[in-house]
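First up is the structure itself, then whatever we jot down about it.
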Amino acid sequence: MHRRTFLLGTSLAWRGLGANEKINVAVVGCGGRGKYHVARYCNLPDARVGAVCDVDTAQTERASQIVEKAGGPKPKAYQDLRKLYEDKEIDAISIATPNHWHVLASIWAMQAGKDVYTEKPASYNMFEGRQLLATARKYNRICQIGMQSRSIEHKRRAIELLHSGAIGKVYLAKGLCFKRRPSIGHTPPEPVPPGLDWDIFLGPAPMRPFTKNRFHYNWHWFWDTGNGDIGNQGIHEMDIARWGLGRTLPKAAFSSGGKYVYDDDQETPNTQIATFDYGDAELVFEVRGLNTGGEAAIQPSGPNFVGNIFLGEKGYLSMDHKGFAIFLGDKREPGESMQATEKQNQDTSKHMENFLSAVKSRNYHDLNGDVEQGVISADLVHMANISYRVKRRLQFDEARHAFVGDTEANAMRTRPKYRAPYIVPEKV
């Protein structure tokens, strides 16, 4: 692939969308989450699904059927995102690939003159996050990260109350990702299934033999392609915790845990605790994939307890997908609370509407989940995982965006090596 393919952004002029004109969106990555993207865009008045792209041709066919059943014309189908990005009719790219593709797919799209909505986490590692942000700003592209909680009414209200002092000075923000995960077992290497481009699927990651566990969804649990549940479900609550605390990156981080109970192929921990030291406040995050109980007023969703707790000098605020509640003083007197309606919880649609609005306004400040905030929150995930893997507390210099005096930890801010031609550029 010639370099010029990915520098089309320098020559493609924005085509001047009118206020009532639909934005032509292409969805890259058409698995479970990607098909959800396709369905949501089909229901939004400002969007048209013009193309779908997946390394597995069976997935693009299923995604195309969703568009047609919604009454739209059959979208163009691509297996190689590089070919898709040459399509000048496409205005925006919506990315629902595995984590290890988020940044490179986004960078190539923005260099080709496209705006980008990319799923969380914003980055697979710390280096990639900085390159993603630099690309969005250099090419003046709109880049929304799929931290959908930032577009949910009750969560926005809860954060507003925290920032206005409803529970006083917040000294601890705690995120919970207690999400039951079954064992993935063991799957042996086998031939690549027909219709799948395994080389593109692996992309920047090392070449590995195909196994079922390294493919659909379970790629989350391998360091080559995923970030464990702290970077899967957990990044949503991590972002809310940092948002409510009103901070960026900490002075120090420490994480411990392990993969307990199961004997299977999973590499990432299924039990993990991370603490982030801000000097006068702390952020704590817990991941549990095994049977567990809840905490504070976090409401259960089946076997899961997922949400956030904020502790302040006057009381505490508990928040989850069903709503939030404030409890004040030693007697835990009820304060303001809010329950989410089913309509209010349509987080992805609201977040996508916000993205499409910013695409038309050309102002990234209009975004609820701008790339800069997504990168900062993802960095907390990466700091936790690096600490877990090197097994020690890490001091962090935010100005240098580096760990203090720790060569091993600093090396883990990026990959040991990117696999050509899938290389995240040092200079964007």
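Only the coordinates and a few stated rules stand behind these numbers; no lab work does. Just so it is clear, the model here is predicted, and its values are computed rather than measured. Don't worry about glycine lacking a Cβ; one is built from the backbone with ideal geometry, like all the others, and counts go over all protein chains shown.
Take K322, project a point 7 Å from its Cα along the Cβ direction, then tell me which residues of segment 294-310 have their backbone nitrogen under 17 Å from it. It comes to 294-309, nothing else. Here the Gaussian network model covers the chain, with springs between Cα atoms less than 10 Å apart; of N308, N213, N43, N43 fluctuates the most. Taking 17 Å as the straight-line reach from the Cα of K331, the aspartates and glutamates in range (excluding those fewer than 8 positions away in the same chain) are E313.
Beyond 28 Å, what share of the Cα-Cα pairs of the chain is found? Please give it as a whole percent. The partial results should precede the final answer.
Details: 44261 of 91378 pairs.
When all Cα pairs of the chain are counted, 48 percent exceed 28 Å.
Dipole orientation for the chain: of the candidates Y78, T211, S349, Y78 has the Cα lying most toward the positive pole (charges on Cβ; Lys, Arg +1; Asp, Glu -1).
Any chance you could run the full-extension gain for T341 through R137? It's 0.36 nm times the residue separation minus the Cα-Cα distance, nm to one decimal. If you can, show how the numbers build up before the last one.
Details: separation 204, 0.36 × 204 = 73.44 nm, distance 3.63 nm.
Using 0.36 nm per residue and subtracting the Cα-Cα distance, I get 69.8 nm.
Between N304, V192, V287, the Cα set farthest toward the positive side of the dipole of the chain (charges on each charged residue's Cβ, about the Cα centre) is that of V192.
How much length, in nm to one decimal, is gained on full extension between R392 and E267, taken as 0.36 nm per residue of separation minus their Cα-Cα distance? Please report the intermediate quantities before stating the final value.
Numbers: separation 125, 0.36 × 125 = 45.00 nm, distance 1.86 nm.
This chain segment gains 43.1 nm when fully extended.
A quarter of the convex hull surface defined by the alpha-carbon atoms of segment 251-351 gives 9.4 nm² as the mean projection.
Highest-first packing order for the peptide set 227-240, 49-62 is 227-240, 49-62, based on the mean count of other beta carbon atoms within 10 Å.
For the Cα atoms of the chain, what angle does the longest principal axis make with the long axis of helix 126-138, in degrees from 0 to 90, nearest 10? Roughly 60 degrees, rounded to the nearest 10. Spherically averaged projected area of the convex hull of Cα atoms, segment 17-101: 5.3 nm².
Could you give me D for segment 275-419, from Stokes-Einstein at 20 °C and 1.002 mPa s, where the hydrodynamic radius is the Kirkwood radius over C-alpha pairs? Units µm² s⁻¹, please. In µm²/s, the coefficient is 113.
Full extension of the chain between S361 and K314 gives 12.9 nm of extra length, using 0.36 nm per residue less the Cα-Cα distance.
If you count, for each residue, the other Cβ atoms within 10 Å and average over each peptide, how do 157-164, 66-73 line up from highest to lowest? Before the final figure, lay out each step's value.
On the way: 157-164: 17.2, 66-73: 14.0.
The densest-packed peptide leads the list: 157-164, 66-73.
Can you give the FRET efficiency for K417 and E282, using 1/(1 + (r/R0)^6), R0 = 56 Å, r = Cβ-Cβ distance, to the nearest 0.05?
0.95
Descending by average beta-carbon neighbour count within 10 Å, the peptides 256-265, 351-360, 165-174, 140-149 line up as 140-149, 351-360, 165-174, 256-265, the highest first. Axis angle, to the nearest 10 degrees, between helix 347-361 and the longest C-alpha principal axis of the chain: 60 degrees. With R₀ fixed at 22 Å, the C-beta to C-beta distance from R400 to Y260 puts the FRET efficiency at about 0.05.
Nothing charged except the Cβ atoms of Lys and Arg (+1) and of Asp and Glu (-1): what's the magnitude of the dipole of segment 36-134 about its Cα centre? Round to the nearest 20 debye.
Details: 12 positive and 13 negative charges, 19 e Å.
Taking the Cα centre of segment 36-134 as origin, the dipole is about 100 debye.
What you get for the chain, charging only the Cβ of Lys and Arg (+1) and of Asp and Glu (-1), is a dipole of about 560 debye around the Cα centre.
Each of W223 and K251 was given a label point 7 Å from its Cα along the Cα-to-Cβ line. The distance between the two points is 3.0 nm.
Taking GluC sites (Glu not before Pro) across segment 254-338, the ones in a DSSP loop with at most 10 further Cβ atoms lying within 10 angstrom of their Cβ are E313.
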